[in-house]
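This report concerns only the one structure given below.
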Amino acid sequence: MAKLRSVKGMNDVLPEDAVRWHRLEDTFRELVARYGFGEVRTPLVESTDLFVRSIGEATDIVEKEMYTWMDKSDKSLTLRPEGTASAARAWIQHSVGGQHPVSKWFYVGPMYRRERPAKGRYRQFFQAGCEIYGDPGPFVDAELIDLVVRYLSALGIQDIEVLVNSLGAGETRERYREALLEYLRPHASELSEDSQRRLERNPLRVLDSKAPQDQAIAENAPQILDYLDEESAQHFEDLKTALDAMGTPYVVEPRLVRGLDYYTRTLFEVRGRGGDLGANAALCGGGRYDNMIKELGGPDTPAIGFAIGLDRLLLVMADSEPKPSLDGFLVVRGKELRGQALAVAQKLRDAGCRVDADLRGGSMKSQFRRADKSSAPFALVLGDAEAEAGTLQVKELATGDQQELPIEQVADAIMRR
RNA sequence: GUGGCUGUAGCUCAGUGGUAGAGCACUGGAUUGUGGCUCCGGAUGUCGCGGGUUCAAGCCCCGUCAGUCACCCCA
């Protein structure tokens with residue numbers, strides 16, 4: 001029989017590693033709370049239609065990466081490939097806009113895309129993201145970009161690059177698309193195979209192709225920033241000014257596009273430069289999507305958001321001081337005392353101590369060895385004499401210092417540090 | 001989805017077609033109720049899985065699964 005194992009591209013997190021995940025999530029929650037974000041929790045499953053309409057029919061995500069199936073009631077369902085669409089659906093469904101002119105939401109959770117797994121890319125992966133509804137920017141755009149930088153910095157991730165661009169609004173994209181096509185068509189035969197295929201369908205993608213022959217051509221292509229409508233151009237200028245004022249470093253990258261159709265105006269991406277990331281260096285992607293809410297049937301409301309790939313952060317995050325997960329480890333002499341040991345542990349736990357013991361027993365030596373490996377700073381010895389006296393021997397493992405204390409005083413003694 | 005590389009103990013890896021190995025980790029002990037260091041001992045394998053070649057396969061061949069890297073794309 002074949003060995004049972006987790007599904008390809010979907011990984012377990014064991015307790016030792018969960019500590020690092022907690023740090024990622026706790027740091028994020030604490031930070032966004034300081035900006036006034038509240039959490040939204042949406043289902044992992046949505047109508048397929050939601051993603052098709054928001055992300056875009058012609059995108060790679062929708063075309064070939066979604067986990068989609070027919071439910072028994074003949075409705076097509078999909079495991080969410082990203083968080084923005086679900087949050088927007090919830091925001092519309094609950095008419096939040098009618099209550100709050102501006103809402104700031106965050107989410108943390110698993111997303112699903114059926115791609116070929118690689119380093120930093122899994123079929124179940126975790127994103128933390130923020131969405132702001134009802135503020136047309138550009139200052140809130142700058143604030144959001146800075147939030148991401150501060151989050152990464154809090155995790156010890158400094159070696160990053162912040163790329164910003166603007167896709168304009170309204171007819172900008174169409175006008176630019178025409179101009180770009182006009183430029184690219186004469187070069188069509190020189191382009192890479194992939195780019196030739198992309199040419200008519202989504203010419204913007206040709207610009208960030210990695211094929212050298214494409215890059216050479218993209219070099220001299222018209223730039224979208226030259227085609228921005230007046231309002232979008234001003235929006236972009238104000239964004240840069242705000243970033244400068246905060247001292248947030250960034251690079252204008254006119255060729256930055258992104259795989260999702262819903263973006264308008266501000267677009268940004270944060271890339272890590274650590275060598276541990278392989279080819280998947282994008283740590284965070286985000287942008288403004290001023291038309292999406294309306295297109296999904298909601299009120300005409302501007303919005304902006306980003307998503308951070310937590311799996312990738314884990315690869316480049318600095319290690320932090322390991323903290324002991326226990327305060328004390330009970331060492332019990334003799335089988336007869338194990339029942340009493342449970343009563344002692346119960347008392348200490350009620351007092352807030354984290355206490356473990358090896359209830360299988362074993363020699364003092366082996367119990368001490370386990371105490372040593374448990375990460376608990378103190379071994380708590382219960383023997384006949386201590387049971388008689390209502391005390392414990394409290395031994396500090398790092399120094400070897402040992403003293404006998406009444407059980408009532410033990411909690412205070414071992415939790416002080 | 002395409003191509004390359006790799007699968008041997010829990011982990012990191014040796015292993016020339018002829019008896020399955022090391023280090024770490026785990027575990028027992030070194031005389032009475034005290035860990036770490038040291039010393040002595042012990043357990044642990046479907047050699048990823050399925051076929052094939054051969055007297056004989058961990059080793060060669062084919063397939064498959066998984067991991068990994070690059071591409072594609074993205075977080």
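The values are calculated or read from the model by the stated rules, or taken from the named source; none is laboratory data. This one's a predicted model, so the numbers in the text were calculated from it and none came from an experiment. Cβ atoms come from the backbone with ideal geometry, glycine included; neighbour counts cover every protein chain shown. What goes into the accessible areas is simple: the full protein's heavy atoms, side chains included, and nothing from ligands, DNA or RNA. Shrake-Rupley method; radii C 1.70, N 1.55, O 1.52, S 1.80 Å.
Here are a few things to note about the model shown:
- Accessible-area value, residue A:70, 1.4 Å probe, nucleic acids and ligands omitted, Å²: 110
- Given charges at Cβ of Lys, Arg, Asp, Glu: chain A dipole, positive-most of A:251, A:279, A:153: A:279
- Karplus-based coupling profile of the stretch A:243-255, in residue order and whole Hz: 5, 4, 4, 7, x, 7, x, 7, 10, 7, 10, x, 9, with θ = phi - 60° in 6.51 cos²θ - 1.76 cosθ + 1.60 and x standing for Gly or Pro.
- Between the stretch A:322-363 and the stretch A:96-131, the C-alpha centres lie 41 angstrom from each other.
- The C-alpha radius of gyration of the stretch A:157-298, expressed as a fraction of 2.2 N^0.38 Å, stands at 1.10.
- Accessible surface for the stretch A:328-415, divided over its residues, is 54 Å² per residue with a 1.4 Å probe.
- Dividing the summed helix terms, -39500 (n - 2.57) for each DSSP H run of n ≥ 4, by the number of residues in chain A produces a 222 nm estimate of -11000 deg cm²/dmol to the nearest 500.
- Note on chain A: GNM, Cα springs under 10 Å; of A:284, A:130, A:353, the largest mean-square fluctuation is that of A:353.
- Checking every one of the trypsin sites (Lys or Arg not before Pro) in the stretch A:70-102 against DSSP loop status and a limit of 16 other Cβ atoms within 10 Å picks out A:72, A:75.
- Counting every alpha-carbon pair across chain A, the share separated by more than 31 Å comes to 53%.
- In plain terms, the chain from residue A:396 to residue A:44 could stretch by 122.0 nm, reckoned as 0.36 nm per residue minus the Cα-Cα distance.
- Residue-level accessible surface for residue A:187, protein heavy atoms, 1.4 Å, Å²: 50
- Atom-type composition of the exposed protein surface of chain A places 48 percent of the accessible area on carbon and sulfur (1.4 angstrom probe).
- Cα→Cβ-extended label distance, 7 Å offset, between residue A:171 and residue A:64, nm: 3.6
- About the Cα centre, charge dipole magnitude for chain A (Lys/Arg +1, Asp/Glu -1 at Cβ), debye: 1740
- Spatially, the stretch A:1-75 and the stretch A:171-214 are offset by 32 Å when compared through their Cα centroids.
- Taking every alpha-carbon pair within the stretch A:328-415, the share separated by more than 19 Å comes to 27 percent.
- DSSP bridge pairs, the stretch A:328-415: antiparallel proportion in percent, nearest 5: 55
- Globularity ratio of the stretch A:22-156, using Cα Rg and 2.2 N^0.38 Å: 1.14
- From largest to smallest, the equivalent ellipsoid semi-axes obtained for the stretch A:229-342 from the alpha-carbon gyration tensor read 50, 20, 14 Å.
- Proximity of backbone amide H atoms, modeled 1.01 Å from N, is registered between residue A:283 and A:270, A:271, A:272 at under 5 Å, excluding neighbours fewer than 5 places apart on the same chain.
- Helix A:84-93 and the longest principal axis of the C-alpha atoms of chain A enclose an angle of approximately 90°.
- Averaged over its residues, the stretch A:104-206 has an accessible area of 43 Å² per residue, based on protein heavy atoms and a 1.4 Å probe.
- The relative contact order of the stretch A:328-415 comes to 32 percent, based on Cα pairs under 8 Å that sit 6 or more residues apart.
- Largest-first ordering by accessible area, 1.4 Å probe, given options A:375, A:192: A:375, A:192
- Listed residue pairs exceeding 31 Å between alpha carbons, taken from A:8/A:104; A:119/A:323; A:75/A:210; A:64/A:294: A:8/A:104; A:75/A:210
- The trypsin sites (Lys or Arg not before Pro) found in the stretch A:128-221 that occupy coil by DSSP, while having at most 15 further C-beta atoms within 10 Å, are A:210.
- At most 15 other Cβ within 10 Å, DSSP loop - GluC sites (Glu not before Pro), the stretch A:334-417: none
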